[in-house]
1. Answer yes or no: is there a residue in region A:101-118 that is modelled with pLDDT under 90 and outside any helix (DSSP H, G or I).
2. Can you go through A:VAL51, A:VAL95 and tell me which one is surrounded by fewer than 16 Cβ atoms within 10 Å (Cβ to Cβ) and either touching a Phe, Trp or Tyr at 6+ places or on another chain (Cβ under 7 Å) or of a type in the set (A, V, I, L, M) (or both)?
3. Suppose the filter is over 17 Å from the mean Cα position of the chain (by Cα), under 21 Å from A:THR198 (Cα atoms), at pLDDT 85 or above and buried (at least 24 other Cβ atoms within 10 Å of the Cβ); does D:SER13 pass it?
4. Taking interchain pairs and intrachain pairs at least six residues apart, which have beta carbon atoms under 6 angstrom, with the first residue in region A:178-194 and away from chain D (no Cβ under 11 Å) and the second open to solvent by 10 Å² or more (accessible area, probe 1.4 Å) and not in a helix (DSSP H, G or I)?
5. In this structure, does D:VAL94 turn out to be touching a residue at least 12 places away in the same chain (Cβ under 8 Å), at negative phi, of a type outside the set (Lys, Arg) and facing another protein chain (nearest Cβ under 7 Å)?
6. In region A:215-233, what count of residues is obtained for those that are in a helix (DSSP H, G or I), under 19 Å from A:LEU284 (Cβ atoms) and more than 7 Å from every other protein chain (Cβ to nearest Cβ)?
7. Give the residue, chosen from C:GLU169, C:GLU125, that is outside any loop (DSSP other than H, G, I, E, B), within 12 Å of chain A (Cβ to nearest Cβ), modelled with pLDDT under 90 and open to solvent by 40 Å² or more (accessible area, probe 1.4 Å).
8. Considering only residues that are open to solvent by 40 Å² or more (accessible area, probe 1.4 Å) and either within 9 Å of chain D (Cβ to nearest Cβ) or of a type in the set (Gly, Ala, Ser) (or both), which ones fall in region C:15-26?
Amino acid sequence: MMPFDPSALTLEMLVAALGLGVLILGLIVPHGSRHGLGWLSFFGLLGIMGVALSMWGDNRELLSGMYLLDNYALFWKITFMLSAALVILGCMRYVDSMGGQAEYYSMIIFATLGMMVMASAGDFITLYLGLELMTIAFIILVCFRKMEAKSVEAGMKYILLAGMSSAVLLYGLSLLYGLTGSVIILEVSRIIALQPVTPALVLAVVMLVAGLGFKISAVPFHMWTPDVYEGAPTPVTSFLAMGSKAASFAILLRLFIAGLPGIWENWTMVVAILAAVTIIFGNLVAIPQTNVKRLLAYSSIAQAGYILVGLVTATEAGIKGVMFYAFLYVFATVGAFTVATYFYHVTGSDELKDYAGLSQRSPLMAAVMLVAMLSMAGIPPLAGFVGKFYLFKTIVDGYLWLVFIGLIMSMVSVYYYLRVALVMYRDEPADPTPIKLPSPVAVTLIVAMVVTLVIGIYPGPLSEVVNEAAHTFFMH
Amino acid sequence: MLVEFALYHAWLVPLLPALAFGVIVFLTRPWPKLSAIVAVGSMAVACFFATLAAYGVFTNHEFVEKPLVYATRWFSLGLPGMPEVQIDVGVQLDPTSAMMLFMVSFIATFIFLYSIGYMEGDPGFSVFFSYLSLFGASMLLLVISSNLLQMFVAWGLVGLCSYLLIGFYSHKISAREAAKKAFVTCRVADFGLLLGLLALQIVFGTLNLTELSEKIAHFEEYTTFGMLTLIAVLVFIGPIGKSGQFPLHVWLPDAMEGPTPVSALIHAATMVVAGVYLVGRTLFLFHEVPSAMQLVAVTGGFTALFAATIAITQREIKRILAYSTVSQLGYMMLALGVGSLTASMFHLWTHAFFKALMFLGAGSVLHALHHKADVWEMGGLYKKMPITTWTFVIGGLAIAGIPPFAGFWSKDEILVATLSEGHYVLFAVGAFTAFLTAFYMWRMIFLAFFGEEKPENHPHESPWTMTVPLVVLAVGALGAGWVGTPWHNVWAEWIFFGHPHHGPVNYGAMLLSIVLAAAGIYLAYMLYLKDAKKKRARRLAEWFGPVYRMLYNKYYIDELYLWFNHALVDGTARLMYLFDIYVVDGIVNGIGGFAKLSGDGLRVFQSGRLQNYALIFFLGVLAVAVLMAFTGPSAASLVLGGVK
Amino acid sequence: METSIYTVVAFYGLALTILGAATLVVFARNIVHSVLFLALTFIAMAGLFLTLDADFIAAVQVLVYAGAVCIMVVFGIMLIQRADMKATNLFNRQLFTGGGVVALVVALCAVFAGRTAWAEMVAAEAVPEGTVQFIGALLMSKYVIPFEVAALLLLVALIGAIVLARDEEVKADAGD
Amino acid sequence: MLAISLTHYVVLSALLFSIGLFGVLTKRNAVAVLICIELMLNAVNINLVAFSKYVTPTDFIGQIFSIFVITVAAAEVGVGLAIIIAIYRNRLSVNLDDFDWLKW
């Protein structure tokens, strides 16, 4: 065995140290100055992200494939830290009014750590622990407003259903281990390619699809999503929608494309059907929603369906599409949810009808919401259009029906996204007092909007980066 | 020097109004007057550049032969096993786009100016100007696009802006409904266009107009004739929606719910001609497929007649104008369908002036009468509103096709082109429509502007910001056609498809169209202006019996016309109208309703009960297992056959 | 592989205990009884692990599950259900649909797992005696990353449990 | 003679998994659902330890995996109980059928 080089774990160790530091500082500093913890977490994550950027191009395996360091993992880690940093920046005022800053920020950081472990995981055990670290941190975050019945109810639903889905996932992993005698994904893939397909292998794949389908909220494993998204504190919802989902996609790609390429004929059609059902269901049910968070929840289900399309062909282009879409989805989500967070902070409401005349009360909030939603709907020239283009481009040969479904449903989605826009821009506000945005929130919103526009108009550089990252996926 | 600059920086023309949009939204929104100045100013500067660019193109003969194209890489996409896809964003300047560039920016400038007066005091004044600017920017982007994807993006933006503007009076349910209808109908059509573009990209590997035209010229190397036909039909579906061709024209008349400058800008002079422009731009595609050309021609001709018959029975001033727009768009399509880019673009050009003029005139009337729209309740407006009336009359003469007004030359050009290509039926349809057009337009003018003044109306002339555009556009409606007279046709030397076409002057067709137009106007005059004493005459006829009726047989003719009008034309129009509102609208609304209903139905599963969710989760597991067993190549036999 | 009669008897005895106790966990009407049967399931499972030459896991099973988890659950029950314990653990409305789905899942597992030729995958070696030192060494070398992550996970769970179960007054004080 | 093979353990595990699943689907009490999830996780442990002995007897992979599963399960029970206590304070109930404020 190669000697273990701890420097390979620099990022993870730094994030863990940051989380512990925030937690301990929270015990030491007095109540009045605890809002500084948010800034500490934000700048800490930014700093670690800088370190991460300097590690670009460092591709190796630790412990004979148990931990994979490559541009693929690094890209995801940067995405996670970026989304965590943006969520923290956008929600500081909200957290100050909620209390428990130290626990809150450290939970976000530990959840990020869990995602980073997932992105690099090369074996089932590491993967499972990363997943559970993330999940448990999220469970605690979801019921952080424990005085509110809805928040705790959401936490309850999340922990019980997540526990059940982990059991299913584990069952599948255990069968896979039993069939191959290894838990290291790359070895498993080599052994499976040599063996004939057995029914137990098919069962294992079914269980993996279900267990991970739960995490990415693919229909019909999505049922928890709207309830938990609605009940959770809004910044947590936003982090759940992008971080948790992106991390689950990261391991989904590793498990299915790197781990099960030998039997891809067996699962590609299933994934295609799941993607189609998810796109259709998410978009249709979003139409009658009246609560903004719930509407965004259903829209995020539909988005998961779009991302799933990238998995269908199991090629480098598909991986690239997934990474590209996940990255831009982070910004659209941050934009929409930060607006929702701050709106709730000011008005105490998430109902769509209360968003009436938002454009008059705060033009920036309304504009960001509009841009985020149009991007999700895939209207050019916003980022979402390019992302959908990359994803659907990969399946034009062979899965044309899926392209059709995606396009038709994109048009349907325009209907409910524009309904939000109409309420914000057309209706008269019941209370016309302008909403004053604190500068961190304004910065978050502007960053989200500008990035969404820039990626949409000039996707070249990001596309190059993603190309490089996706290229390293097959190097091991 | 400046011309050179304008030619090579034509992208500034759409960019300026786009910047104005950003500035208004983020900076000047609280100050309405400033917002208006920003919008009008940026459009005027854009118009200045557009004029220079157009001047450059028209004076430089090489650009007439070979378009000026420059582009920058937007994005490229490499996939294993497929050729690299490269999408550019660029400018293509040739006489057609230069003409459009000038026309759109020129008319937009005056409509913007007009809006200052019209929208005075509206709470959404700044917002309105921001939408207008964005709309102008998108339309100009569409015009200069050098490739179809860029065009499609602009096409979508134009649709979005029209949605926002039609529904601008969002407090009115009808406005919201109309906006929704416009958007949904256009999206349905856009879907066809999108499929067509996808197919073009897949088959020919490019969406650049110049490359496409070269490749399609010998399409046999790439694809079959059947596929090309399919592509042409799919591409044509987009213009059917955007340019209000039958059967997707339903949104256009309803879209008059928007403020009148919007109607003038979107639904008369610019947006709806985008479809015509797109077909004109891709004429090299249609040209290869005779059946597609046939489709375009027949659709256009039928729409022209169909809309004209409906227009006869309408009462609201803007609705009459809307149906007349549909009808005139049909003419343009007809011209394209018979292969005459020259005639089509010529009519587009003249129509832009007189239709914008008439819409703005109608807006002026509505402004004066506090939005009373029924022409039967107007009358005698010429006394109080001289400028509006006389400019409107010029517009009416132009659309009716009375020489030397602009509409005459372009309509004549279309009719001659139809005739010379041997489409006799379509020629008859076009000629008859010309008669109907003159009739219903002048019916409206006589009813609204002449005759007895209604005492309950207190009209007044509009402010200068509204009358100046009217006068300018009236000059256009008078003179815009002189560039294309059959004796000295400069127009045909600039804008043509293939080779410039110089036919002999067809005096017969010219005479026929003058006669038909005059007959239409005369008929309207007899029925609606001269016949102010009609009721009294009828009473007399009853007193003196059949003999008197014989003496006044002039009225028999009138009655015959009236009967004809009511029983036949009205009946047909009514039938068409019913078909319109029940069948065509029903389908469009049905799609939206279905999506909403199924959304309502599906959400029932979200019962809120956790264990229900768990149950569904495992039903999902079972479903995936079954799918996996039966979609995988070997799994089914494994599971059912059993390998031990 | 050689199987003695004792192993066979032990397997069937333990398997029946596990399944029986687990069934009783589900069907007991009193939640405390459920927990007691759960403890029995865990202990029988520890026995099963012994037959699989996993003595360390068996010990962990007894200590963590039968010891810590069950006690924790009982404490939890005491905190939320002080009075009548008789009918604290009833079925909900989807008893029969749930039963149907479970029957199908059993059938699924039986068809898929049962038809697989597991016997061919069996390696012919024996498990070394005394697993503790091997496991310990592996945990600190090859599996050090999951080990560290697990440590953080426990910390997170600990903090979370404290944050969530802390009394409101304390929370209100901290949250000003 | 009836030898005990890997199949026996796999079937035992599947049965235990299904019993746990049945409890998850049908019990009203949140605590009962939590312990039924533990049953499902234990079923996985049987699989892991059995595979460890039969497939990779000298690598201890399955045993180590199951140690981690036990660790995580214990942590989950802790957090789950904390949430149940919190929700009991809010609604004075642990009946899962009562928790349907979030729906549609």
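1. no
2. A:VAL51
3. no
4. A:LEU186/A:HIS476
5. Criteria met by D:VAL94.
6. 2
7. C:GLU169
8. If the condition is that a residue be open to solvent by 40 Å² or more (accessible area, probe 1.4 Å) and either within 9 Å of chain D (Cβ to nearest Cβ) or of a type in the set (Gly, Ala, Ser) (or both), then C:THR23 is the only one that fits.
The values are calculated or read from the model by the stated rules, or taken from the named source; none is laboratory data. No experiment lies behind these values; they were computed from the predicted model shown. Heads up, the Cβs are rebuilt from the backbone with ideal geometry, glycines too, and the neighbour counts pull from every protein chain shown. SASA here: full protein model, heavy atoms, side chains in, ligands and nucleic acids out. Shrake-Rupley method; radii C 1.70, N 1.55, O 1.52, S 1.80 Å.
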